[in-house]
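*Asks:* One structure, pasted below without further comment.
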Amino acid sequence: MSDRIPQNYKEAVKYIEELPRYTKKHSLQHTRQFLERLGNPGYDRKIIHVAGTNGKGSVCAYMQAVLEAEGKSTGFFTSPHLLKINERIQIMRSPVDDDTFYRVFLRTFETVQRMREYGFEHPSYFEFLFGMGMTAFADSDVEYIILETGLGGRLDATNAPEYPFLTVITSVSLDHTEILGDTIEQIAYEKAGIIKEKVPVFFDGSSHEASKVIRQIASEHQAPCREITNHAYEIREVSRNRIAFLRKNAYDKGITWCVPICGIYQVKNAELALQALEYVFEGSAIDWEKWKSAVASVRWEGRMELAAPHLTVDGAHNPGALEAFVQSIYMLPKDQWELPVIIFSAVSDKKYEQMIAYLCRKIKAKAYIVTEIDDKRRVPVKELGEIFGKYTSVPVYQRNKIEEVIDTAYKVRGDSEIYCLGSLYLVGAVKKYLAGGNE
């Protein structure tokens with residue numbers, strides 16, 4: 001790792017991309033010392049910390065939209081990025097520009113160099129970017145900082161700030177089992193590690209096993225706890241571009257809300273965000289129409305996103321997300337999901353054979369197209385093809401290049417819709433190709 005100071009934005013990105021990614025986390029104490037040397041940026045702002053297996057990004061997006069509709073300034077730290085690394089550090093729902101990115105990079109780089117002189121290990125890829133994000137938020141003087149955990153929660157770098165304003169836990173399912181544990185209870189324990197003493201927590205109550213763990217940990221920390229279940233809303237209409245629903249509470253009865261994404265799980269995500277924000281604005285008169293418009297304005301890339309005519313990309317990359325995907329397309333009119341063409345890829349640390357078996361069992365596809373992503377954890381295209389061959393008799397095409405994948409999909413689709421899933425890296429690659437190779 002070079003000690004030479006990167007001279008511009010491109011060199012800064014290259015430096016970051018060469019940092020260790022899939023490595024053992026440093027301790028929270030290490031991250032806290034790192035942030036302390038940066039001046040504890042953002043610690044004086046209202047931090048909303050969000051953990052969970054699926055839905056974190058969407059919940060954060062709904063919260064940002066409503067907060068900004070209320071005239072509040074927001075910073076958002078998220079991962080991974082789809083096209084450009086700046087996406088990980090957002091201010092007022094927009095990625096920071098290259099100049100801002102480079103400026104906070106330099107300050108973070110200089111801090112890390114001084115740390116290393118005193119014998120501290122270099123922060124990992126994620127930790128370094130987190131330090132940059134908090135610095136950018138402090139510089140921009142945002143009022144609210146929304147932090148999306150990277151992996152787990154209890155030991156995640158984003159858990160370093162000890163006094164958040166609010167914590168939120170989205171749906172919990174099996175993912176990263178080799179790190180977080182191989183039961184829902186173990187994974188819920190890691191997610192619930194973001195709960196702090198007497199800090200309110202709002203959580204998705206879809207899983208009985210996870211809910212029991214979250215309630216117990218909340219009780220141990222005397223943290224006010226609200227569980228959001230399917231009884232909190234009623235779905236009224238599902239179409240290609242939106243889902244309309246009613247909320248079942250005493251405040252906004254009669255208002256039809258819309259999420260502009262056809263994933264059925266988005267209604268729960270929106271409800272979770274709205275109930276958390278009701279706490280934020282407790283005691284204030286709420287303009288529900290303003291909130292309704294804010295929710296309807298959300299665009300969350302890579303989640304049941306119509307990326308091109310007849311081509312939907314979805315970042316479903318674990319069994320829980322794949323189940324939600326299947327449930328979502330079954331809610332659509334039959335002509336929009338019957339005999340689809342499915343593009344699939346995966347990384348090796350996911351339960352990809354379980355995902356493939358479920359997909360083949362639940363959806364009668366016209367064809368499958370498998371490919372491999374540009375990442376050292378990629379599953380070889382040949383292996384994916386062989387696994388699909390075990391579970392389906394429909395054609396399975398193996399393609400190495402994204403342009404070949406898209407070309408094949410459109411050639412075989414006929415009147416069918418195309419769905420691309422299995423990996424956010426695949427979604428990013430498809431979107432980049434569709435944009436002409438540009439970020």
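*Asks:* Among what's in region 275-291 and is touching a residue at least 40 places away in the same chain (Cβ under 8 Å) and buried (at least 17 other Cβ atoms within 10 Å of the Cβ), pick the residue that is farthest from Thr408 (Cα to Cα).
*Replies:* Within region 275-291, the subset touching a residue at least 40 places away in the same chain (Cβ under 8 Å) is 275-277, 279-281, 290-291.
Narrowing further to those that are buried (at least 17 other Cβ atoms within 10 Å of the Cβ): 275-277, 280, 291.
Working: Gln275: 44, Ala276: 44, Leu277: 45, Val280: 49, Trp291: 42 Å.
Once the filter is applied, the top-ranked residue is Val280.
Yes or no, residue by residue, for (1) modelled with pLDDT of 95 or more; (2) assigned by TED's automatic domain parsing to the domain that holds Arg88; (3) exposed (fewer than 11 other Cβ atoms within 10 Å of the Cβ):
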| residue | (1), (2), (3) |
| --- | --- |
| Ser2 | no, no, yes |
| Leu19 | no, yes, no |
| Lys24 | no, yes, yes |
| Gln29 | no, yes, yes |
| Glu36 | yes, yes, no |
| Pro41 | yes, yes, no |
| Lys46 | yes, yes, no |
| His49 | yes, yes, no |
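Each row is one residue, and each column tells you yes or no for (1) of a type in the set (Val, Ile, Thr); (2) outside any helix (DSSP H, G or I).
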| residue | (1), (2) |
| --- | --- |
| Lys198 | no, yes |
| Ser206 | no, yes |
| Ser211 | no, no |
| Arg215 | no, no |
| Glu227 | no, yes |
| Ala244 | no, yes |
| Ala276 | no, no |
| Val298 | yes, yes |
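Residues are listed down the side, and each one gets a yes or a no for (1) in a helix (DSSP H, G or I); (2) surrounded by 15 or more Cβ atoms within 10 Å (Cβ to Cβ); (3) of a type in the set (Phe, Trp, Tyr); (4) at pLDDT 95 or above:
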position: Lys376; (1), (2), (3), (4): no, no, no, no
position: Glu386; (1), (2), (3), (4): yes, no, no, no
position: Tyr397; (1), (2), (3), (4): no, yes, yes, yes
position: Glu403; (1), (2), (3), (4): yes, no, no, no
position: Gly414; (1), (2), (3), (4): no, no, no, no
position: Lys431; (1), (2), (3), (4): yes, yes, no, no
position: Glu439; (1), (2), (3), (4): no, no, no, no
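*Asks:* Out of the residues in region 333-354 meeting the condition of being more than 16 Å from Val313 (Cβ to Cβ) and not charged (D, E, K, R), tell me which one is surrounded by the most Cβ atoms within 10 Å (Cβ to Cβ).
*Replies:* That would be Tyr352.
*Asks:* Being of a type in the set (Val, Ile, Thr), closer than 25 Å to Tyr265 by Cβ, without any contact (Cβ under 8 Å) to a residue 60 or more places away in the chain and in contact with a Gly (Cβ under 9 Å, 6 or more places away or on another chain) narrows it down to one of Ile373, Ile363, Ile343, so name that one. Full working, then the answer.
*Replies:* Numbers: Ile363 fails: in contact with a Gly (Cβ under 9 Å, 6 or more places away or on another chain); Ile343 fails: without any contact (Cβ under 8 Å) to a residue 60 or more places away in the chain.
One residue alone meets the criteria, Ile373.
*Asks:* Looking at Ala65, Ala12, Ala61, can you tell me which residue is outside any loop (DSSP other than H, G, I, E, B), small (Gly, Ala, Ser) and touching a Pro at 6+ places or on another chain (Cβ under 7 Å)?
*Replies:* Numbers: Ala65 fails: touching a Pro at 6+ places or on another chain (Cβ under 7 Å); Ala61 fails: touching a Pro at 6+ places or on another chain (Cβ under 7 Å).
One residue alone meets the criteria, Ala12.
The values are calculated or read from the model by the stated rules, or taken from the named source; none is laboratory data. Quick caveat, the model's predicted, so the values are computed rather than measured. Backbone-built Cβ (ideal geometry, glycine too); neighbour counts: all protein chains shown.
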